[in-house]
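Novice: Take a look at this one; I'll ask things after.
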Amino acid sequence: MSANPVSQPPWPKGYELADFTEIDSTNEEAKRRAEAGAAGGAWLRADTQSAGRGRRGRTWVSPGGNLFATLLIRPQMTAGEAALLSFAAALSVADLLDAFVDPARVRLKWPNDVQLDGGKVCGVLLESSATSGAQVDWLAVGIGVNLANHPGLDEPKTIALSDAMDQVPPSPSEALVHLAAGFAKWLNAYEEQGFEALRQPWLARARGLGEPLVARLPQEELRGTFQGIDEAGALLLETNGAVRKITAGEVFFG
Ligand code: BTN
């Protein structure tokens, strides 16, 4: 096996990078820096995390070889607008994976999962300042990508990029360059053109459009057909002839 000779995009202009051998959580570090007054536009990457966190209070197991990174930004956005950057994060992970595998193997799953060969290959966790005013003070876009290993879960089934390649997967630092270049592009598109600039590309790669799915919500479970996402990022589920908008929950296909 040899290293994959894909070309690296340039590191995006105006962004800083801080690398750590080990840290509790890159999201936590972003929060510490933001609260200490750091400027936005910094990617924080760690080789391992001792307290990596996932959505819904879960732990994100963080062994060496995978990518653990957080972008700290200070966007001129409300909390609702900033939340839609989870779609930019998913699209950026897809850009990263596209550099190493056939893009047809990469699909996006609402709200912000990326699947490779049908398995969960990454996680996205957005955290922001509590807002008393109209705009968030800061936003931490935390992204973990299974490059070299995965936790071996069945629900959702997990996968690593290395499972889909017959060459050595990229190093976390190499992968971050692809991710950071992609995120800068999608953030710019969102700031200039609004959510439609993310919605359409996201839909073009969405898993299961027009297919049956189960949506597990905090209080109920709904079965229906996946009809897309609306202009606010809500999942559109056709169930019993009506279209329900789902703003939070987990979805399962098949
Ligand atoms: C999920 O549960 O799917 C989201 C997982 C997000 C993990 C990433 S790894 C980098 C950043 N630091 C953290 O502690 N979490 C995020």
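Novice: Taking the stated definitions as given, is K109 in contact with a strand residue (DSSP E or B) (Cβ under 8 Å, 6 or more places away or on another chain) and within 9 Å of the ligand (Cβ to nearest atom)?
Specialist: no
Novice: If P75 meets every condition in (1) surrounded by 15 or more Cβ atoms within 10 Å (Cβ to Cβ); (2) more than 14 Å from the ligand (Cβ to nearest atom); (3) within 17 Å of the chain's Cα centre (by Cα) apart from one, which number is that one?
Specialist: All conditions pass for P75, except number (3).
Novice: I need the full set of residues from segment 112-138 which are of a type in the set (D, E) and more than 12 Å from the ligand (Cβ to nearest atom), in order please.
Specialist: D117, D137
Novice: Shifting gears a bit: For the condition touching a strand residue (DSSP E or B) at 6+ places or on another chain (Cβ under 6 Å) and aliphatic (A, V, I, L, M), what is the one hit in A164, A242?
Specialist: Unique residue meeting the criteria: A164.
Novice: Looking at this structure, is G233 in a strand (DSSP E or B), of a type outside the set (A, V, I, L, M, F, W, C) and touching a residue at least 24 places away in the same chain (Cβ under 8 Å)?
Specialist: Criteria not met by G233.
Novice: Something else about it: In segment 103-146, what residues are of a type in the set (A, V, I, L, M, F, W, C), closer than 24 Å to V214 by Cβ and in contact with a helix residue (DSSP H, G or I) (Cβ under 7 Å, 6 or more places away or on another chain)?
Specialist: Answer for segment 103-146, where residues must be of a type in the set (A, V, I, L, M, F, W, C), closer than 24 Å to V214 by Cβ and in contact with a helix residue (DSSP H, G or I) (Cβ under 7 Å, 6 or more places away or on another chain): V106, L108, V114, L116, V121, C122, V124, L125.
Here is a yes/no grid of residues against (1) under 30 Å from P10 (Cβ atoms); (2) at pLDDT below 95; (3) among the basic types (K, R):
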position	(1), (2), (3)
A184	yes, no, no
E191	yes, no, no
F195	yes, no, no
R199	yes, no, yes
W202	yes, no, no
L236	no, no, no
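Novice: OK, next. Residues being among the charged types (D, E, K, R) and either surrounded by fewer than 18 Cβ atoms within 10 Å (Cβ to Cβ) or in contact with a helix residue (DSSP H, G or I) (Cβ under 9 Å, 6 or more places away or on another chain) (or both): count how many of those fall in segment 16-30.
Specialist: Final tally of qualifying residues: 4.
Novice: Follow-up. So which residues in segment 36-55 are under 29 Å from Q76 (Cα atoms) and in contact (Cβ under 8 Å) with a residue 40 or more places away in the chain, if there are any at all?
Specialist: The answer is G40, W43, R45, G52, R53, G54, R55.
Novice: Please work out which residue is farthest from R45 (Cα to Cα), limiting yourself to segment 139-156 and to residues that are within 15 Å of the ligand (Cβ to nearest atom) and over 17 Å from the mean Cα position of the chain (by Cα).
Specialist: E155
Novice: Now a separate question. Which of the residues belonging to segment 45-72 are under 13 Å from F183 (Cβ atoms) and either among the hydrophobic types (A, V, I, L, M, F, W, C) or away from the ligand (no atom under 13 Å from the Cβ) (or both)?
Specialist: L67, A69, L71, L72, listed by residue number.
Novice: Within segment 31-60, how many residues turn out to be surrounded by 12 or more Cβ atoms within 10 Å (Cβ to Cβ), among the hydrophobic types (A, V, I, L, M, F, W, C) and out of contact with any Lys or Arg (no Cβ under 9 Å at 6 or more places or on another chain)?
Specialist: 3
Novice: Next up: Tally up the residues in segment 161-172 that are assigned to a loop (DSSP other than H, G, I, E, B) and crowded, with 22+ Cβ neighbours inside 10 Å, please.
Specialist: The number of residues fulfilling the criteria is 2.
Novice: Kindly establish whether V101 is more than 13 Å from the ligand (Cβ to nearest atom), farther than 23 Å from A46 by Cα and either surrounded by fewer than 21 Cβ atoms within 10 Å (Cβ to Cβ) or among the acidic types (D, E) (or both).
Specialist: Yes, satisfied.
Novice: Of everything in segment 21-42 that's within 11 Å of the ligand (Cβ to nearest atom) and not β-branched (V, I, T), which residue is nearest to the chain's Cα centre (by Cα)?
Specialist: N27
The values are calculated or read from the model by the stated rules, or taken from the named source; none is laboratory data. Just so we're clear, the structure is a prediction, and the values are computed from it rather than from any experiment. All Cβ positions, even for glycine, are placed from backbone atoms using ideal geometry, and neighbour counts span all protein chains on display.
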